[in-house]
Each structure stands twice: as C-alpha cells, then as structure tokens.
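See structure below.
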Amino acid sequence: MNSLLALGKMLRPLNLFLGALAVVISATLVPEWPALSQILLAAAVVVSFNAGANALNDWFDYPIDKLNRPYRPLVSGALPRWSGLAAAVVLFALGAALAWRLPAAARNIAVFIALPFLALYTPLFKGLPVAGNLVVAGIMGTTFLFAGAAFGHLQAMWIPAGLAAGFNVLREAVKDIQ
C-alpha cells in the first residue's frame, strides 16, 4: 500500500464526505443560498478538522488497534506511527487557519468549541461512556451550528443541530451496547 493511499485510509474518506455533506445540507436550509466560496470554505474547515480528529484517534489508539484493527495504516506499518500525530497537527492548524476567514461566530465555534473537543475526545472523553457519547453528539450538532454561522444564519440551524446531536446520542448508545 503506498503512503498516499494509506494516508487516505487513515483519514476515513467516507466520514469526510459526510461532514462536507452536512455543510451542503446546511446551505440548503438557510433562507438564501450562500456563495459557493463560503460553502467550500466551511466544508474545508469541517473536512480538515474531521480528518485531523481521525488521524489523532489512530495515533492514540495504536496499542488498541494492534489487537483489534491490525489493518489500520499506522499499525500495519503502511505509515510510520508519528505520521498520525503529524497529520493531526497539520490538519487542525489548516482548519483553524481557514476558519479565520469566516465570520466571527463561525470562527469562534470552530476554533474555541469544535477544535478543543475534537483534540480532547480520544485522550480524555472516549473512555467515558456517557460523557464520550455526549461529546461525539455535540460535535455532530456543532457542525450544523458552525455552517449556519458561516452562512450568516446561525439561528436557522438549532433544530438540525439538535436532531443531529440527538440521533448521534442514540447511535453512540447502540454502539456501546454492542
């Protein structure tokens, strides 16, 4: 497996697509269609943060993945272990830098709410069943709030954010039960 393919696998493209899709769905829910540049910029922030979180998760979960997921790129040796942490730092920095080009509310949601929770999820919250589930659900809901703020219509996104968070609480609870 070449390094670029392994990097793509570590970043989990389907998850990245779903994050970008949430931004596009948010664009359809606001009163006026945002500029394509705003949609792409908001999607780039979401994708960068999501990819960074996936890379950081693989870096932290290396010992667990050696037993449970030996096919993962870091564990299999397709990528050096340090590349998970390096990719996370670069992707989080890229997402934060892009967020500074958005309106203040979107920037604040991205940099001061989403980023800390994404960075702390695996080392701090993942092992806490209820707290970890709530953090994941909150991050999912925050995606809609962030997009609404990026498009100048934060208020329009509270219901979709609540639905996304509620659905994810249930999803995470089912995963825990399994």
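Out of the residues in the range 63-96 that are in contact (Cβ under 8 Å) with a residue 60 or more places away in the chain and part of a loop (DSSP other than H, G, I, E, B), state the one that is most open to solvent (accessible area, probe 1.4 Å).
The selected residue is R72.
Select from the range 97-115 the residues that are surrounded by 15 or more Cβ atoms within 10 Å (Cβ to Cβ) and assigned to a helix (DSSP H, G or I) and list them in ascending order.
Residues satisfying the conditions are L98, A99, A105, A106, R107, N108, I109, A110, V111, I113, A114, L115.
Is it the case that the range 54-66 has a residue that's over 16 Å from P80 (Cα atoms) and at pLDDT 95 or above?
The answer is no, given that none of the residues of the range 54-66 is over 16 Å from P80 (Cα atoms) and at pLDDT 95 or above.
From the residues in the range 14-36 that are open to solvent by 80 Å² or more (accessible area, probe 1.4 Å), assigned to a helix (DSSP H, G or I) and free of Cβ contacts under 8 Å to residues at least 40 places away in the same chain, which one is farthest from A164 (Cα to Cα)?
By that ranking, first place goes to L36.
Within the range 121-135, track down each residue that is open to solvent by less than 80 Å² (accessible area, probe 1.4 Å) and more than 16 Å from the chain's Cα centre (by Cα).
Once the filter is applied, which keeps residues that are open to solvent by less than 80 Å² (accessible area, probe 1.4 Å) and more than 16 Å from the chain's Cα centre (by Cα), the range 121-135 yields G127, A131.
Please verify whether the range 152-169 includes one or more residues that are open to solvent by 20 Å² or more (accessible area, probe 1.4 Å) and not in a helix (DSSP H, G or I).
Checking the range 152-169: at least one residue is open to solvent by 20 Å² or more (accessible area, probe 1.4 Å) and not in a helix (DSSP H, G or I).
Looking only at the range 138-178, count every residue that is touching a residue at least 12 places away in the same chain (Cβ under 8 Å) and among the polar types (S, T, N, Q) and tell me the total.
3
Quick check: anything in the range 46-61 open to solvent by 20 Å² or more (accessible area, probe 1.4 Å) and among the hydroxyl-bearing types (S, T, Y)?
Within the range 46-61, none of the residues are open to solvent by 20 Å² or more (accessible area, probe 1.4 Å) and among the hydroxyl-bearing types (S, T, Y).
The values are calculated or read from the model by the stated rules, or taken from the named source; none is laboratory data. Model, not experiment: these values are computed from the prediction. Counting neighbours? That spans all protein chains shown, and the Cβs are built from the backbone with ideal geometry, glycine included. Each accessible area value is taken on the protein alone, full model and side chains, heavy atoms only, with ligands, DNA and RNA left out. Shrake-Rupley method; radii C 1.70, N 1.55, O 1.52, S 1.80 Å.
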